[in-house]
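The values are calculated or read from the model by the stated rules, or taken from the named source; none is laboratory data. As the structure is a computational prediction, the values presented were derived from the model and not from experiment. Please note: Cβ atoms are built from the backbone with ideal geometry, for glycine as well, and neighbour counts cover all protein chains shown. Surface accessibility is based on the protein's heavy atoms, side chains included, excluding ligands, DNA and RNA. Shrake-Rupley method; radii C 1.70, N 1.55, O 1.52, S 1.80 Å.
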Amino acid sequence: MPPSSNTTNSRSENNKRNSLLQALHRKGNASRLQLARTLDISNSRVCDLIEEMVGEGLLLEQNVNGDRRGRRGVAVRLNPDHGHILGFDMEAKRLRLVVTDFAGQIVWQTRRPLKPMKDREALVDELRSFLSTSMRELRPQYKHLLGIGIAASGVTDTQQGVILHYDLVPHAMNLPLRDLIAEHLNMPAVMENNIRAMTLAEWTSGAAKGLHSFVCMAVRSGVGAGIVVNDRLLAGSHGFSGEIGYMVLPTAASSQHWKNLQSSVSESALSIDAESPDKIPDAVAKRAGELIGSQIASIAAVLDPEAFVLAGGMLNPDGPVWLHAVSAFRQTALAELVERVRILPAQLGPFAAAAGAAHRCLYELFPIATPTNGNH
């Protein structure tokens, strides 16, 4: 049976409201006229929606004095006190947790080293211990928690909320991380690939703010990327977009001995402490930079992005790898792209993926219905 007109209208109105909320989350603040133009919604309808959402406590008006309420020139923004959202980042060597306000700003954060576990049960116990300890500290301060976003490492099925496999944490194979955390915390949970979560954070308030097509590449315990094309964060046909750590690096040896990018330049592969990336030996830094720069040159030839955002301790612009990576990109990229594609350092630091996971949770709490195509 086709949906009734009332159902269709209700869905359309929810889409408009949630599109407006998500746009303000990315923009920070905007006038009614700016929102109407951005979202292609009539000025009058935007004004009506904003009045409703201000009344519900979702939005705030700025610089409101007397009869200025409702004027199109008055900026609006998300109400940071409407509620708080958790963001959890699971990496091979560390766990991180943040609390963001409703406007997306981190207001609390913590982390704990993650050591190799003897088995799956020990891994799950460690995750629960970290979350329980953190919740005891944060709950008295943040009583209205709306949900948790999970930035999961490894090859993930984000729709099912499962880590399919994680080379650096073998006991995480087929781990139903989303449901495990949702049940433990008794709150809604959403899972995203950790580097796509980082990409969302950098796009919202970091180095990629205002860009429409870019690649965020992160070198941490592993290597991964988030890809945005025409304002869409790509998940791919099967949810595995951005797994550039598995890009193969051919050598003169037979193919069975070829290594991939992750096993050649990641912190784990090079036995590097992310807290002290400046201690990388010069020869190692040069080789890692050459591999990273040449690979992003290849990606640039396929995607033609506006920019690359490079993240992770190893890719600090003041560290020894950065200049080698930029130099290798310039030497190996298509000549027409060298001056057009910018190489930008990430801005948000080690908690970016956790923050991005919280953003992803917000978008799931206020979803925009779109065709199922594997993209956000």
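Label point of residue 129 set 7 angstrom out along Cα-Cβ; within region 79-113, amide nitrogens under 16 Å from it belong to 93-96, 111-113. When you filter the chymotrypsin sites (Phe, Trp or Tyr not before Pro) in region 119-189 for DSSP loop state and at most 11 other Cβ atoms inside 10 Å of their Cβ, nothing is left. Against the main long axis of the alpha-carbon atoms of the chain, helix 322-332 sits at an angle near 80°.
Taken as Cα centroids, region 300-349 and region 128-183 sit 31 Å apart, rounded to the nearest whole angstrom.
Scanning the chain for GluC sites (Glu not before Pro) lying in DSSP loops with no more than 14 further Cβ atoms inside 10 Å, the longest uninterrupted stretch between such sites is 57-274.
Free of any trypsin sites (Lys or Arg not before Pro) that DSSP assigns to a loop and that have at most 15 other C-beta atoms within 10 Å, the longest stretch within the chain is 210-339.
Compute the helix-to-body angle for 194-205: its Cα long axis versus the longest principal axis of the chain, expressed 0 to 90° and rounded to tens. So the inclination is approximately 50 degrees. In this simple spin-label approximation, residue 29 and residue 268 carry label points 7 Å from Cα along the Cα→Cβ vector, and these lie 4.4 nm apart.
Highest GNM mean-square fluctuation among 99, 223, 248, for the chain modelled with Cα contacts below 10 Å: 248.
FRET efficiency for the residue 304 to residue 136 pair, using the beta carbon distance and R₀ = 35 Å, is estimated at 0.10. In this rough spin-label picture, where each label sits 7 Å from Cα along the Cβ direction, the residue 115-residue 186 distance is 3.2 nm.
Ordering 316-325, 346-355 by mean Cβ neighbour count within 10 Å, with the highest value first, yields 346-355, 316-325. Using a probe of 1.4 angstrom and keeping all protein chains present, the accessible surface of the chain works out to 47 square angstrom per residue.
Think of it as helices only: each DSSP H run of n ≥ 4 in the chain is worth -39500 (n - 2.57), and spread over all residues that comes to -12000 deg cm²/dmol at 222 nm.
Just to verify a number: FRET efficiency for residue 251 and residue 209, C-beta to C-beta distance, R0 = 45 Å, to 0.05? In this case the efficiency is close to 0.70. Applying 0.36 nm per residue to the separation of residue 342 and residue 43 and subtracting their alpha-carbon distance, the gain on full extension is 104.0 nm. One chain, two ends: residue 334 and residue 74. Fully extended at 0.36 nm per residue, the span grows by 89.0 nm beyond their Cα-Cα distance.
Taking the Kirkwood radius as Rh and the Cα radius of gyration as Rg, region 172-217 has a ratio of Rg/Rh equal to 1.14.
The fraction of accessible area contributed by carbon and sulfur in the chain is 49 percent, rounded to a whole number (1.4 Å probe; ligands and nucleic acids excluded).
Pairs of lysine residues in the chain that meet both criteria, 8 or more places apart or on different chains and Cα atoms under 29 Å apart, total 17.
What does the charge add up to near residue 170, with Lys and Arg as +1, Asp and Glu as -1, over the other residues with Cβ less than 12 Å from its Cβ?
0
By definition, a body whose alpha carbon gyration tensor gives a ≥ b ≥ c is oblate when a/c is 1.5 or more and a/b is not larger than b/c, and region 107-160 fits this oblate description. Relative contact order, whole percent, for the chain stands at 17, derived from Cα pairs under 8 Å and 6 or more residues apart. Given contacts defined as C-alpha pairs under 8 Å and at least six residues apart, what's the relative contact order of region 223-357, whole-number percent? Taking the mean separation of contacting Cα pairs over the length of region 223-357, I get 20 percent.
Its residue count N sets the reference 2.2 N^0.38 Å, and the alpha-carbon radius of gyration of region 201-260 equals 1.40 times that reference.
Stretching the chain fully between residue 160 and residue 364 yields a gain of 72.0 nm (0.36 nm per residue, less the alpha carbon separation).
Note on region 300-376: semi-axes of the ellipsoid equivalent to its C-alpha gyration tensor, largest first and rounded to whole Å, are 30, 20, 8. Taking 17 Å as the cut-off, the amide N atoms of region 149-188 that come nearer than this to a point 7 Å along the Cα-to-beta-carbon line of residue 122 belong to 168-173.
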